[in-house]
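Enquirer: If you scroll down you'll find the structure; I have some questions about it.
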Amino acid sequence: MDLSELQDALASKSFQRIGEICDELMLQVASKGTSFQEDWPYSIHLLGHIYVNDLNSARFLWKSIPSRIKESRAEIVAAWKIGQCLWNREYAGVYAAIRGFDWSPEALGLVTAFRESYTKRNFQLLVSAYSTISVTDTAQFLGMNGDDAISYALQHGWTLDSASKMLAVRKPKITTEQKLDSTKLQRLTEYVFHLEH
């Protein structure tokens, strides 16, 4: 079984392609009638779907993995734990699942990139949903301790009320397109009409 395309994607950090590459390779192997179950990179495959937030594909893959493989390879179970927490919207659980396992070198880069992407995505959700939020809630959503969450928020322009332990969210500036005044449009139309006649 040639996994060079998968290895190249991992090496080049093209993590968004991992799930798709694995799906295609699995279909190729299965179409040849070759057995691949014992040495298939299930944890990478699961993490590839999780990275792009394709939880349906991750669930389907999890269900298709034979029990004996799940029982013998702890990293597969650890990868699925992340998927379960995502499915159940257990934000702190996602981070606990990531930190709670000693990932293989092959999976570590993918897991680290996912964690960073997940933190950024959650931060953007906080920005869009809140005007103020407690340090405790911010820390939970970002998978950090309170001090790290404060530091992260302050780096992004938020402010802290030390007395109440509340963070004031800094909303991004919204740029609006300049609307054309109807009188200007009327004058432009008359000018163009004058030029043409």
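Nothing in this text is a laboratory measurement; each read-out follows from the coordinates by a stated rule. Everything numeric here is computed off the predicted structure, so don't read it as measured data. Virtual Cβ from ideal backbone geometry, glycine too; neighbours counted across all protein chains shown.
Enquirer: Largest first, please: the extent of the C-alpha atoms of region 23-121 along each principal axis, to the nearest Å.
Expert: Computed over the Cα atoms, the extents are 41, 24, 24 Å.
Enquirer: Relative contact order (percent) for region 130-175, with alpha-carbon contacts under 8 angstrom and 6 or more residues of separation? Could you put the intermediate results ahead of the total?
Expert: Details: 52 pairs, mean separation 19.0, N = 46.
Computed value for region 130-175: 41 percent relative contact order.
Enquirer: Same structure, new question: Determine, for each peptide in 44-52, 80-88, 95-103, 183-191, the mean count of other beta carbons within 10 angstrom over its residues, then list the peptides with the highest first.
Expert: Per-residue mean Cβ counts within 10 Å order the peptides as 44-52, 80-88, 95-103, 183-191.
Enquirer: Sort 123-129, 64-70, 139-145 by packing, meaning the average of other beta carbons within 10 Å per residue, with the highest value first. Let's see the in-between values first.
Expert: Numbers: 123-129: 14.0, 64-70: 12.1, 139-145: 18.4.
Result, highest mean Cβ count within 10 Å first: 139-145, 123-129, 64-70.
Enquirer: A follow-up question, please. For helix 55-64, what angle does its Cα long axis make with the longest principal axis of the chain, in degrees from 0 to 90 and rounded to 10?
Expert: Approximately 10 degrees, to the nearest ten.
Enquirer: Excluding residues fewer than 8 places away in the same chain, name every one of the lysines whose C-alpha is closer than 28 Å to that of K13.
Expert: Within the straight-line cut-off, K13 pairs with K63, K70, K81, K120.
Enquirer: In addition: Based solely on C-alpha atoms, express the radius of gyration and the Dmax of the chain in angstrom.
Expert: 24.5, 84
Enquirer: Turning to a different aspect of this structure: Cα centroids of region 58-81 and region 87-103: how far apart, whole angstrom?
Expert: Answer, in whole Å: 16.
Enquirer: Pairs of Cα atoms under 8 Å, at least six residues apart: use those to get the relative contact order of the chain, whole percent.
Expert: Working: 175 pairs, mean separation 27.4, N = 197.
Reported relative contact order: 14 percent.
Enquirer: Related question: Return a whole-number percent for the relative contact order of region 4-118, with Cα pairs under 8 Å and 6 or more residues apart as the contact set. Don't skip to the end; give the middle numbers.
Expert: On the way: 99 pairs, mean separation 29.6, N = 115.
Value for region 4-118: 26 percent.
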